[in-house]
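Here is the structure we will look at, set down as structure tokens.
The values are calculated or read from the model by the stated rules, or taken from the named source; none is laboratory data. As the structure is a computational prediction, the values presented were derived from the model and not from experiment. Every residue, glycine as well, gets a Cβ built from its backbone with ideal geometry; the counts of neighbours run over all protein chains shown. Side chains are part of the model used for accessible areas, which takes the heavy atoms of the whole protein and leaves out ligands, DNA and RNA. Shrake-Rupley method; radii C 1.70, N 1.55, O 1.52, S 1.80 Å.
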Amino acid sequence: MLDLNFVRENLPLVEEKLRQRGMDPAAVLKDFREVDTQRRQAITEAETSKAQRNKASEEIAKLKKAGQDDAAKAAHVGRLLDDAKGLREKISTLEKTAGDLDARLREILVGIPNIPHASVPVGHSADDNIEVRKWGTAPKFDFTPQPHWDLGPDLGILDMERAVKLTGARFAVYWDLGARLERALANFMLDLHTREHGYTEVLPPYLVNSDSMYGTGQLPKFAADLFRVRHGEKDLWLIPTAEVPVTNLYRDETLEQKQLPISLTAYTPCFRSEAGSYGKDVRGIIRQHQFQKVELVKFAHPEHSYEEHEKLTRNAEEVLQRLGLHYRVVTLCTGDMGAAAAKTYDIEVWLPGQQLYREISSCSNFEAYQARRANIRYRPEGKNKSEFVHTLNGSGLAVGRTWVAIVENYQQADGSVLIPEALRPYIGAERITARTM
């Protein structure tokens, strides 16, 4: 969420940034200016009325202390008491009006996306994203490489049909070395991030409350993309990413500056309804209702958050480098970036079976946008007033898509799949060969 004063004082800038995101400022800002003006007027009038009431109360007290010697003085006290009663009623009405307008103003603010950083390219779609760098080269085959949705079932390690029987479409069952490859990838990623990159591992709940979803921006706007679970009188939500519980660990807390940056990593399942994606990526395991992911989350000092953003992105990239997987990094343009992000890098891995690059990690700096919603602050050294931290996160990596990348990139002419050397100590095998389902 953006700061109210910032929006009020920079309304033309906010409108221009909305247009850069491909949004209609009038549809997003609605009646912001009018509501803000009316709210401020109501607050000012309430404060003025309070001052008048207090002055009347002081005068009444003085008159009563002096004694009511005549009828004129008693009548004056009566008028003052009537005025004070009228002011109390007026103040109550004004405060309710201000409260209602404040709620309306907050509703508008919640719907305003973050301001894109100055370095973000202006564009309307993924076609306008800017490639930053590439690493490695795409493997060359002396045969036609197959997609994972053919390789997996042929090897007996991926079973979509039984998943449909168990649950429905967009779920998967992994068998034998397929399951071990998934587990090996998660352990490899966690070890790399904790032992070499300095992250602290966290195992959070997979169900969170509505406040947590609100804090990172999933609610109220993206409720249709989530799985809701009724729990007594309250709603709980299956996490769409570990970003939600891990970021909210410090909700409503004030950190000390010396604690920053805080770097956390978590391996969790992720649950997404994929609303609006009907017909997209229906084959294989690219777009699932349940998938596993290793997440990277940082809480940073505002002056250093973009430096930490670069580090986090490089940390995610190193997973692919250790696995020998060709990839590229792109900066998302204003029209392709998530609402909460100020800047996002997408890491896209090459999939030879599909002859395309596929996103495997989005690394974003949210600046103070999430921290303001979740009330996550830090206390600057030498200052009394706390400030909002900057939050960052990225996949380090999406495990299922990394599984896909290995199966497609390391496939052999005989239909087997080599295991990258970095994973062999984790999986206890050098090659995946066909098994009977």
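A few remarks follow.
- Amide H within-cut-off set for I360, under 5 Å, with H built and near neighbours excluded: I347, E348, V349
- Value in Å of the Kirkwood radius, where the chain supplies the Cα pairs that are averaged: 25.0
- Relative contact order [Cα under 8 Å, 6+ residues apart], region 170-308, whole percent: 29
- Between 0 and 90 degrees, the angle of helix 399-409 with respect to the longest Cα principal axis of the chain falls at about 30 degrees.
- Gaussian network model of the chain, Cα within-10 Å springs - most flexible of P145, P220, P245: P220
- Compared with the alpha-carbon gap, the fully stretched path from K165 to D3 is longer by 53.4 nm at 0.36 nm per residue.
- Global form of region 186-284, assessed from the alpha-carbon gyration tensor, a/c cut-off 1.5: oblate
- 1.4 Å probe accessible area per residue over region 334-436, in Å²: 35
- Shape category assigned to region 89-164 from the gyration tensor of Cα positions, a/c cut at 1.5: oblate
- Scalar couplings 3J(HN,Hα) for region 110-127, obtained by applying the Karplus form with A = 6.51, B = -1.76, C = 1.60 to θ = phi - 60°, are 4, x, 8, x, 5, 7, x, 4, 4, 7, 7, x, 7, x, 10, 8, 4, 5 Hz; x denotes Gly and Pro.
- For region 97-190, size of Cβ-based charge dipole, Lys and Arg +1, Asp and Glu -1, in debye: 240
- Per DSSP, loop trypsin sites (Lys or Arg not before Pro) in region 119-210 with at most 10 further Cβ within 10 Å: K140
- For P113, net neighbour charge (Lys/Arg +1, Asp/Glu -1) across residues whose Cβ lies under 11 Å away: +3
- Rounded to the nearest 10 degrees, the angle from helix 11-20 to the longest Cα principal axis of the chain is 20 degrees.
- Apportionment of accessible area to carbon and sulfur, the chain, percent (1.4 Å): 48
- The relative contact order of region 329-437, computed from alpha carbon pairs under 8 Å that lie at least 6 residues apart in sequence, is 18 percent.
- The chain, relative contact order [Cα under 8 Å, separation at least 6], %: 20
- Two-site label geometry, L63 and N209: point separation in nm, points 7 Å out along Cα→Cβ: 5.0
- Accessible-area ranking of W237, W149, largest first, probe 1.4 Å: W149, W237
- Between the Cα long axis of helix 177-195 and the first principal axis of the chain there is an angle of about 50°, rounded to the nearest 10.
- Solvent-accessible area per residue in region 1-58 equals 58 Å², computed with a 1.4 angstrom probe and all protein chains kept.
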